Amino acid sequence: MNDTVISSLVVTVTQGHDPAALCALLSADPRLTVGETDGARVAVVSEDLDQEAAEATFRELQSHRMIDYVDLVAVYLDPDQGDPCEGR
Amino acid sequence: MRRRDFLKTSAMAMAASALTIDRAQAADPQPAGLADDGLTWDKAPCRFCGTGCHVKVGVKDGKVQAIAGAVEAEVNKGLLCVKGYHVGLALYGADRLTTPLLKKDGKHVPISWDEALTIVADKIQTQPKTFAIYGSGQWTIPEGYICQKLMKGGLSNNHIDPNARLCMASAVTGFIGTYGVDEPAGCYDDLDACDVLITWGNNPAEMHPVLFSRVIDRRSRGEKITIIDIGTRRTRTTEHADHYLEFEPQSDMAIANGICHLLIKSGSYDKAFVEKHCNFRRNEGEQHEKKSLKGIPCTFAEYETYLEEYTPERVEEISGVSADNIRMLAKLFADPNKRITSLWCMGMNQHTRGTAINCLVHGVHLLSGHFGKPGDAPTSLTGQPSACGTAREVGTLAHALPGGRIVAKEPHRQQSEDIWNLPHGTISPKPGYHTIAMWDHFCTPTAEGGDISTIWVQVTNPGQTLPNLPKLFERKEGLEDKFLIVSDVYPTATTKLADLILPSAMWVEKNGMFGNSERRTQQWFKMVDPPGQARDDVWQVLAVARKLYQRGLMKDKDGKFLFEIHNEQGQEVPAWDWDHYYDVNVDKQLFEEYRLFTTLKHKNLAPYDEYVKSHGLRWPVLEQADGTWRETRFRFSEFDDPFVTKGAGIEFYHSTTGDGKAQVWFHPYEDPPEKPDAAYPLWLCTGRVLEHWHTGSMTMRVPQLRRAMPSSYVEVNPQDAKSLGIGNGDIVAIDTRRGSIELPAWIKGRGAPPPGRIFVPFFDERLLINKCTLDAYCPISKQPDYKKCAAKLRFVRRAGART
């Protein structure tokens with residue numbers, strides 16, 4: 001995993017869905033680490049903010065009405081890995 | 001513990017803590033639950049757009065290592081866009097400029113700061129009247145203020161203009177022409193109260209996503225909000241719109257006139273509001289030179305007559321928007337029970353009749369009485385984080401002075417001279433060159449009248465953003481007596497032609513203040529050191545001024561240094577010496593001096609320390625009896641604006657007619673200066689994308705953002721692509737009468753132009769679309785039109801084929 005960004009997320013589970021089942025589903029994605037839940041929301045860490053993981057994973061879950069919101073709480077950066085402009 | 005594991009632990013602690021806290025009661029500045037993660041948190045506005053979101057910046061080991069949305073900030077309530085979450089990485093591109101560089105024999109070679117400052121001072125001293133500063137809506141307020149004072153006070157030279165000329169000058173002239181004073185009356189709170197949101201040539205879903213989300217969030221909570229997108233191509237905003245009205249470029253003027261025509265014809269305009277609060281106005285004639293911000297008065301009956309030709313059917317002919325949809329718009333505005341907010345940004349401002357269309361949209365709101373109540377507001381958005389705070393309020397435009405003063409008026413000059421302790425007569429009454437004229441004169445040989453010899457560029461990238469680059473920038477190459485100084489943080493299209501490059505500190509590497517789109521002034525402190533020898537822009541100007549003082553310039557009328565900085569004991573501090581620059585808060589002293597101007601036109605600001613305590617305050621900010629400072633959300637409305645006379649309800653207290661009334665203007669539809677023809681059959685429009693901010697000089701260095709949107713493209717309608725034999729990803733050439741570039745085609749891309757139109761974003765410095773754009777501008781605001789010119793598309797090679 002070479003990505004530079006780690007994200008703190010809070011996923012709000014759609015009413016009627018089992019948070020434990022959602023946690024199990026999320027845990028299947030190696031780019032996600034599932035943390036605590038308060039019964040309605042789940043704390044998640046993503047190691048890839050790019051559309052691939054954050055968007056694809058969560059959008060699919062949203063489309064199945066398993067989750068209502070994904071709140072991005074914070075982004076942790078690696079300041080040693082900035083890029084110069086390509087083609088310079 | 002590996003660094004990555006540490007970050008994951010911190011991230012999980014943050015996520016878990018977010019489960020336990022009530023967002024509205026989050027601690028500030030440190031997010032709850034992070035007391036022991038080793039990060040030091042402080043607040044700052046985001047570095048990028050004009051929304052002015054507040055971020056929390058986590059610093060450890062001298063570097064920015066975490067970014068969170070500031071939950072308690074009213075602007076964004078904890079939310080950030082994809083750029084905002086990555087803003088910290090913009091500091092850490094591998095190719096930061098870290099030492100002054102001088103061009104010698106065609107190469108940039110390192111020199112010392114003292115050598116660099118001496119060169120700048122030499123250039124100014126030898127040719128003070130042909131020296132110019134080209135600044136920015138990304139200048140902090142103190143940065144703009146010190147340049148303003150150096151030029152207009154210290155050198156009696158008004159050749160200073162910001163890049164904001166390219167993005168919001170027409171909004172300024174629209175506000176002044178209508179209300180007599182600049183900047184929106186409403187604020188972002190309107191987005192929480194409106195029933196109808198109309199976007200005029202505006203794509204906030206991508207360009208101001210945090211603001212747009214306020215409306216979408218309301219919908220998700222079950223509220224009914226009608227969104228009407230009046231645009232020239234489908235965008236992500238269109239996806240959320242109830243109505244998409246696609247208009248022929250430039251014809252927004254006809255649409256606005258059509259709405260007003262129907263309001264009057266049906267008798268459904270707000271008669272009481274108009275009678276009490278409005279005058280009517282038009283230009284003297286339709287010749288270019290007759291257009292001005294003053295115009296001449298006309299009666300309501302004359303105004304009605306001028307609008308006669310803008311029947312729904314005639315507007316449909318001009319604009320392509322159906323007569324029924326024009327009626328639908330008029331019916332909405334005729335409903336007094338609806339709250340209607342209009343938003344616009346570059347679509348209306350980058351327009352050869354930018355002042356006119358701004359005035360017309362204000363006119364629609366005034367005529368219908370949709371003004372002055374929460375949710376009823378005509379509001380322009382800015383693209384840059386301090387276009388309002390620094391360009392408009394500090395007045396760094398070529399004709400302006402701080403606090404809404406202008407150089408043409410003697411009393412205004414004298415007020416400025418008094419505050420700066422200069423003899424009366426110091427400030428020149430003649431406006432300096434606006435942006436287009438400045439660069440034209442710089443790129444024209446001296447012998448041919450090109451009377452700008454040196455430009456100092458700060459915090460902007462004109463080598464990528466000026467229109468018609470071959471004429472206004474690239475001609476500089478080979479002009480040996482022209483000297484270009486660039487203060488920046490990264491190599492850019494502009495530094496390529498620079499003779500001298502000065503490495504700057506950026507964002508939280510320095511103290512700063514911004515002013516956002518809703519009159520909100522924001523402050524932050526330096527949190528990390530800049531790399532290498534990069535230094536604050538304020539210091540750069542201060543150090544140059546000191547060198548000039550040592551040569552007998554930059555003195556006030558008592559012979560003192562014009563930029564004396566003092567400590568709390570009142571002793572002068574040698575802040576021009578970098579080793580002493582942070583002995584005191586230079587920003588605070590410059591701001592407190594600037595603040596004296598802000599009371600002159602009801603743009604009152606609070607003391608610096610009030611901004612330290614807050615996430616920004618919207619001016620006018622007035623001290624209350626209990627010593628607290630109160631901001632103003634809705635100007636000109638008695639219920640909120642303390643300057644409105646009691647009992648007046650609404651009062652335009654800077655009315656250009658002196659009677660407390662706003663001006664409703666008539667401007668006829670006019671064709672643009674260049675339209676598609678047989679040789680160049682397509683409309684070319686340019687703009688931005690979600691992932692990159694402006695020229696990409698910062699965001700293209702953030703790996704996540706660059707991977708998400710790695711290069712520029714041209715959006716092509718499938719029908720045009722088919723007729724030209726172009727497939728998705730094929731390389732095509734765009735030709736205009738100014739220049740040509742090659743880039744990949746994107747068919748059915750993110751945006752969807754109709755047949756006959758193409759769109760190209762300008763963030764990619766390898767694909768400079770501004771080689772092709774037109775430098776024609778609004779005759780009043782002098783803002784050029786990047787949104788429409790005639791172009792031709794040519795197939796070059798198939799996707800993946802080698803060159």
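The values are calculated or read from the model by the stated rules, or taken from the named source; none is laboratory data. Keep in mind the model is a prediction, meaning the values are calculated, not measured. With ideal geometry, Cβ positions are generated from the backbone for all residues, glycine too; neighbour counts draw on all protein chains shown.
Values as computed for the structure displayed
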{"read-out": "Sole residue being at pLDDT 95 or above, farther than 25 Å from B:Cys778 by Cβ, surrounded by 20 or more Cβ atoms within 10 Å (Cβ to Cβ) and not assigned by TED's automatic domain parsing to the domain that holds B:Leu774, chosen from B:Ala377, B:Ala301, B:Ala330, B:Ala272", "value": "B:Ala330"}
{"read-out": "For B:Leu705: the one exception among (1) within 14 Å of another protein chain (Cβ to nearest Cβ); (2) part of a loop (DSSP other than H, G, I, E, B); (3) modelled with pLDDT under 95", "value": "(2)"}
{"read-out": "Region B:722-769, subset within 14 Å of another protein chain (Cβ to nearest Cβ) and outside any strand (DSSP E or B), residue surrounded by the most Cβ atoms within 10 Å (Cβ to Cβ)", "value": "B:Asp764"}
{"read-out": "Selection from region B:770-803 of residues that are more than 26 Å from B:Thr173 (Cβ to Cβ) and not in a strand (DSSP E or B)", "value": "B:Lys771, B:Cys772, B:Arg798, B:Ala799, B:Gly800, B:Ala801, B:Arg802, B:Thr803"}
{"read-out": "Residue check, A:Asp48 modelled with pLDDT of 70 or more and either part of a loop (DSSP other than H, G, I, E, B) or facing another protein chain (nearest Cβ under 9 Å) (or both)", "value": "no"}
{"read-out": "Residue ID - farthest from the other protein chains (Cβ to nearest Cβ), chosen from residues in region A:6-22 that are of a type in the set (Val, Ile, Thr) and touching a helix residue (DSSP H, G or I) at 6+ places or on another chain (Cβ under 6 Å)", "value": "A:Val13"}
{"read-out": "B:Glu223 vs. criteria surrounded by fewer than 21 Cβ atoms within 10 Å (Cβ to Cβ) and on the phi < 0 side of the Ramachandran plot", "value": "yes"}
{"read-out": "Unmet requirement for B:Arg706, which otherwise passes all of (1) among the basic types (Lys, Arg); (2) in contact with a helix residue (DSSP H, G or I) (Cβ under 9 Å, 6 or more places away or on another chain); (3) touching a residue at least 60 places away in the same chain (Cβ under 8 Å)", "value": "(3)"}
{"read-out": "Residue identified as within 12 Å of the chain's Cα centre (by Cα), at pLDDT below 80 and more than 10 Å from chain B (Cβ to nearest Cβ) among A:Leu61, A:Leu32", "value": "A:Leu61"}
{"read-out": "Unmet criterion (only one of (1) away from chain A (no Cβ under 14 Å); (2) buried (at least 19 other Cβ atoms within 10 Å of the Cβ); (3) in contact (Cβ under 8 Å) with a residue 40 or more places away in the chain) for B:Glu691", "value": "(1)"}
{"read-out": "Residues (of a type in the set (A, V, I, L, M, F, W, C), within 23 Å of B:Glu248 (Cβ to Cβ) and touching a strand residue (DSSP E or B) at 6+ places or on another chain (Cβ under 6 Å)) located in region B:198-217", "value": "B:Ile198, B:Trp200"}
{"read-out": "Unique residue being within 30 Å of B:Met14 (Cβ to Cβ) and out of contact with any helix residue (DSSP H, G or I) (no Cβ under 7 Å at 6 or more places or on another chain) when the list is B:Ala90, B:Ala116, B:Ala94", "value": "B:Ala94"}
{"read-out": "Strands (runs of 3 or more DSSP E) contained entirely in region B:48-162, each with at least 3 residues that are more than 30 Å from B:Ala205 (Cβ to Cβ)", "value": "B:101-104, B:107-110, B:131-135"}
{"read-out": "Selection within region B:441-471 - without any contact (Cβ under 8 Å) to a residue 40 or more places away in the chain and in contact with a Gly (Cβ under 8 Å, 6 or more places away or on another chain)", "value": "B:His441, B:Cys443, B:Thr444"}
{"read-out": "Single residue of B:Lys476, B:Lys510, B:Lys482 found to be of a type outside the set (Phe, Trp, Tyr) and buried (at least 24 other Cβ atoms within 10 Å of the Cβ)", "value": "B:Lys510"}
{"read-out": "Candidate set: region B:555-605, residues that are among the hydrophobic types (A, V, I, L, M, F, W, C) and free of Cβ contacts under 8 Å to residues at least 24 places away in the same chain; chosen: the one farthest from B:Trp629 (Cα to Cα)", "value": "B:Phe561"}
{"read-out": "Sole exception among (1) within 26 Å of B:Gly749 (Cβ to Cβ); (2) under 25 Å from the mean Cα position of the chain (by Cα) for B:Ser292, by number", "value": "(1)"}
{"read-out": "Test: B:Phe652 is closer than 18 Å to B:Gly180 by Cβ and within 23 Å of the chain's Cα centre (by Cα)", "value": "no"}
{"read-out": "Residue list for region B:197-220, filter: among the hydroxyl-bearing types (Ser, Thr, Tyr) and surrounded by fewer than 20 Cβ atoms within 10 Å (Cβ to Cβ)", "value": "B:Ser213, B:Ser220"}
{"read-out": "Residue satisfying condition, being in contact with a Pro (Cβ under 6 Å, 6 or more places away or on another chain), over 21 Å from B:Ala505 (Cβ atoms) and among the basic types (Lys, Arg), within set B:Lys557, B:Lys601, B:Lys613", "value": "B:Lys557"}
{"read-out": "Entirely in region B:176-294, the strands (runs of 3 or more DSSP E) that have 1 or more residues that are among the acidic types (Asp, Glu) and farther than 23 Å from B:Leu367 by Cα", "value": "B:243-246"}
{"read-out": "Of all residues making up region B:65-87, the number that are touching a residue at least 60 places away in the same chain (Cβ under 8 Å) and not basic (Lys, Arg)", "value": "13"}
{"read-out": "Test for B:Ile340: is it over 30 Å from B:Asn468 (Cα atoms), out of contact with any strand residue (DSSP E or B) (no Cβ under 7 Å at 6 or more places or on another chain), β-branched (Val, Ile, Thr) and buried (at least 17 other Cβ atoms within 10 Å of the Cβ)", "value": "no"}
{"read-out": "Any chance B:Ile124 is in contact with a strand residue (DSSP E or B) (Cβ under 9 Å, 6 or more places away or on another chain), of a type in the set (A, V, I, L, M) and farther than 24 Å from B:Phe591 by Cβ", "value": "yes"}
{"read-out": "Selected residue (only one of B:Gly135, B:Gly154, B:Gly106 is in contact (Cβ under 8 Å) with a residue 12 or more places away in the chain, in the same structural domain as B:Glu393 (by TED's automatic domain parsing) and under 21 Å from B:Phe473 (Cα atoms))", "value": "B:Gly135"}
{"read-out": "Residue check, B:Ala16 in a loop (DSSP other than H, G, I, E, B) and either more than 31 Å from the chain's Cα centre (by Cα) or at pLDDT 90 or above (or both)", "value": "no"}
{"read-out": "Matching option when the condition is assigned to a strand (DSSP E or B), buried (at least 21 other Cβ atoms within 10 Å of the Cβ) and touching a residue at least 60 places away in the same chain (Cβ under 8 Å), among B:Gln523, B:Gln540", "value": "B:Gln523"}
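Each row is one residue, and each column tells you yes or no for (1) within 14 Å of chain A (Cβ to nearest Cβ); (2) over 15 Å from B:Ala545 (Cα atoms); (3) at pLDDT below 95.
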position: B:Leu80; (1), (2), (3): yes, yes, yes
position: B:Leu91; (1), (2), (3): yes, yes, no
position: B:Asp95; (1), (2), (3): yes, yes, no
position: B:Trp113; (1), (2), (3): no, no, no
position: B:Leu117; (1), (2), (3): no, no, no
position: B:Ala121; (1), (2), (3): no, no, no
